[in-house]
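Structure, as structure tokens:
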Amino acid sequence: MKSIKELYKIGKGPSSSHTMGPERAARNFLSLCPQAERFRAVLYGSLAHTGKGHLTDEAVRGVFAPRKTEVIFDCEKKDLPHPNTMELFAYRGDGSLLLNQTYLSVGGGSICALGDKLFQEPEIYPFRNFEEIRRYCTEEKCGLDDVVFRYEGDDIKEYLRMIWRSMKATIECGLTKTGELPGELHVKRKAATLCIEVAGEGETEREKRILSSYAFATAEENAGGGRVVTAPTCGASGVLPAVLMYLVKKYRVSEETVISALAVAGIVGNVVKTNASVSGAEAGCQAEIGTATAMATAAVCRISGYTLEETEYAAEIALEHQLGLTCDPICGYVQIPCIERNAVAAMRALDGAELAHVLAGTRKISFDLIVKTMYETGKDLSERYRETSEGGLAALYKIR
């Protein structure tokens, strides 16, 4: 498995695979041909279908500016190497082709160049799946966070500290903003409203409202093109930070414990990214929100001091009960149903950890098996429900 630094990336929303990935690809392409005077980008698959709503064209043009850049949305081409495929062309001043390269945006802001090993990050861990990690923890009598700290190097704690600072800053920023998010849906920001106390509400209602406000704050910042942390993606970036902020505020959790919780969440997300996918275009929203929920519930287990068995059970519950979740963003915007979905997932993460704690020792399904099931389910989903905005809410909702 690769470093969890590949899972936690800081960047601009609204989409890790549709904004951060293409921007990263464009930057690499530009470095290969800085003398080019004109560029053309052809977007295929999900990048073509939802690229406008995800601001993919703006991300690419922003890299190549001020040179002229033509962006083409090709929704017809099939038989792609990945649902998020883009082809970049560079031209000389006389119009002749200088360079041509195909890139795949594989989720979470990660990319690869077709036929090349440009972005093959080194393997950090000798483990492939959760079973191997669990066996190591049992033999070494250590926790999941210890595995991360042993294999990632001396700077990983400082990196995770930076990630946590960024997560907190995004929530704090999102809680201060009101008005509408950009785009033709005219979606109003609700995070600040959710912070307002409601007369007569009980303790349970209050805590759910506060937790939701944190998730909304991050998801709305993402939808507005703000700065977020992929966890594991931009579209699911509100789940883990909301859960961590909620627990920190409620129980005065120390920063060191939060760093350990981020490490545990990261290795759980890494198992999914290694053995399946965190791309909504490849496996539906179950790959994004489902993975985020599993990561968040594993973080809860670390903060609560639960066992390795309870942590695996909680992560399995979280992902299992997001199976089949479709990715159908209306108009391609990461707004409906994406923002509310982050809040619901945050609540599920807390519930999953508590349920695993109560039912400890009764687990039948391994985390590895549910990861495999999720990926197979995602592959079986119709393309209409894999971030093309051609099915579900995206197809049925009509802008008035």
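The values are calculated or read from the model by the stated rules, or taken from the named source; none is laboratory data. What you see is a predicted model, and the numbers here were worked out from it, not measured in a lab. Positions of Cβ are generated from backbone atoms using ideal geometry, with glycine treated the same way; all protein chains shown enter the neighbour counts. Areas reflect the complete protein model, heavy atoms only, side chains present, ligands, DNA and RNA absent. Shrake-Rupley method; radii C 1.70, N 1.55, O 1.52, S 1.80 Å.
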Original post:
residue 178 versus (1) in contact (Cβ under 8 Å) with a residue 12 or more places away in the chain; (2) open to solvent by less than 50 Å² (accessible area, probe 1.4 Å); (3) not basic (Lys, Arg): which is the lone unmet condition?
Top reply: (2)
**OP:** Identify all residues within segment 231-246 that are within 16 Å of residue 301 (Cβ to Cβ) and open to solvent by 10 Å² or more (accessible area, probe 1.4 Å); write none if there are none.
**Re:** 246
**OP:** Return yes or no: is residue 96 of a type in the set (Gly, Ala, Ser) and under 23 Å from residue 269 (Cβ atoms)?
**Re:** no
Original post:
Name the pairs whose Cβ atoms lie under 7 Å apart, with the first residue in segment 1-22 and within 24 Å of residue 39 (Cβ to Cβ) and of a type in the set (Val, Ile, Thr), the second open to solvent by 10 Å² or more (accessible area, probe 1.4 Å) and part of a helix (DSSP H, G or I), and 6 or more positions between them or separate chains?
Top reply: 19/59
Subject >> Residue check, residue 2 open to solvent by 50 Å² or more (accessible area, probe 1.4 Å) and over 17 Å from residue 334 (Cα atoms) >> reply: yes
Original post:
Which one of the conditions (1) more than 24 Å from the chain's Cα centre (by Cα); (2) crowded, with 19+ Cβ neighbours inside 10 Å; (3) free of Cβ contacts under 8 Å to residues at least 40 places away in the same chain does residue 142 fail to meet, given that it meets all the rest?
Top reply: (2)
Original post:
Among (1) of a type in the set (A, V, I, L, M); (2) open to solvent by less than 20 Å² (accessible area, probe 1.4 Å); (3) in a helix (DSSP H, G or I), where does residue 228 come up short?
Top reply: (3)
Original post:
Quick one: is residue 208 at pLDDT 95 or above, open to solvent by 60 Å² or more (accessible area, probe 1.4 Å) and closer than 15 Å to residue 243 by Cβ?
Top reply: yes
Original post:
Just wondering, is there one or more residues in segment 326-334 that are more than 21 Å from the chain's Cα centre (by Cα), at negative phi and open to solvent by 10 Å² or more (accessible area, probe 1.4 Å)?
Top reply: no
Subject >> Hey, residue 215 free of Cβ contacts under 8 Å to residues at least 40 places away in the same chain and open to solvent by less than 30 Å² (accessible area, probe 1.4 Å) or not >> reply: no
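Condition check ((1) buried (at least 18 other Cβ atoms within 10 Å of the Cβ); (2) aromatic (Phe, Trp, Tyr); (3) in a helix (DSSP H, G or I)) across all residues:
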| site | (1), (2), (3) |
| --- | --- |
| 356 | yes, no, yes |
| 360 | no, no, no |
| 365 | no, no, no |
| 376 | no, no, yes |
| 379 | no, no, yes |
| 391 | no, no, no |
| 399 | no, no, no |
Subject >> Close pairs (7 angstrom Cβ cut-off, 6 or more residues apart or separate chains): touching a residue at least 60 places away in the same chain (Cβ under 8 Å) in segment 353-380, aliphatic (A, V, I, L, M) and surrounded by fewer than 16 Cβ atoms within 10 Å (Cβ to Cβ) anywhere >> reply: 374/323; 377/323
